[in-house]
1. Which of Phe149, Tyr11, Asn27 sits closest to the plus end of the dipole of the stretch 11-165, meaning its Cα is farthest towards the positive end, when Lys and Arg get +1 and Asp and Glu get -1 on the C-beta?
2. Relative contact order, percent, of the stretch 11-165 when contacts are C-alpha pairs under 8 Å separated by at least 6 residues?
3. Grab the beta carbon distance between Lys73 and Ser108, set R0 = 41 Å, and tell me the FRET efficiency rounded to 0.05.
4. Can you give the charge dipole size of the chain about its Cα centre, rounded to the nearest 20 debye, using +1 on the beta carbon of Lys and Arg and -1 on the beta carbon of Asp and Glu?
5. Place a label point 7 angstrom from the Cα of Tyr152 along the Cα-to-Cβ direction, then list the residues of the stretch 112-130 whose backbone nitrogen is under 16 Å away.
6. Exceeding 32 Å between C-alpha atoms, which entries from my cross-link table qualify? They are Lys109/Lys140; Lys26/Lys99; Lys38/Lys66; Lys73/Lys109; Lys41/Lys73; Lys37/Lys140.
7. Using only C-alpha positions, report the orientation-averaged shadow area of the convex hull of the chain, nm², one decimal.
Amino acid sequence: MQTLYDDNENYQSQVLFYIDRPTVNKNVAYYSAVWNKKTGKLHPKQPIVVNWVMLEKDKTGQVVEKLTYLEEKYIYGISLESKTTTPERQTFCIVSMPKYPITVFFSSKEQQWKAGIRLDVPVLLDHISATVQKISFLPKVTDLTVVGFDSYGSKLSQVISVNKSLSIV
């Protein structure tokens, strides 16, 4: 999959998790860690990137687009937490889920970057499904189903109710 970030030959990205909207369309927002291949550390300015994989345009997943300004500012964008940032660990929130910080870290056991979120228990994040209803002309996200794995490898899911109208979903 193509990536969209300030490209440098020393950096590469790895998908952490995605958000789908099965009630809207097949396009998926992918959240990826950007890290230096030589040092193994996260990119200092852009450690996490979010891109649309436009499966409605191309079923192979080769069409990738940046978020629009509104999507980035109000729905799918991220806010980095500077107080918890190190070159090996980054905490951020998806702007529409500010009460659920996500921590990105390197798993030396699996030799890959992971994303963890605290729900009822700590969970390694796999994906989030957004349920969207069209109410008048503004779509509304009614709930988010967070899917991941606990420390024993068991699959977990938790529904987060959202009472927020969004102008774009």
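1. Tyr11
2. On the way: 335 pairs, mean separation 25.6, N = 155.
With pairs under 8 Å counted, the relative contact order is 17 percent.
3. That pair, Lys73 with Ser108, gives E of 0.70.
4. 200 debye
5. The answer is 120-124.
6. Checking Cα-Cα distances, Lys109/Lys140; Lys73/Lys109; Lys37/Lys140 exceed 32 Å.
7. Convex hull of Cα atoms, orientation-averaged projection: 10.3 nm².
Each value in this text was obtained by applying a stated rule to the coordinates, not by laboratory testing. Not measured: the values here are computed from a predicted model. No Cβ is skipped: glycine too gets one built from the backbone with ideal geometry, and neighbour counts run over all protein chains shown.
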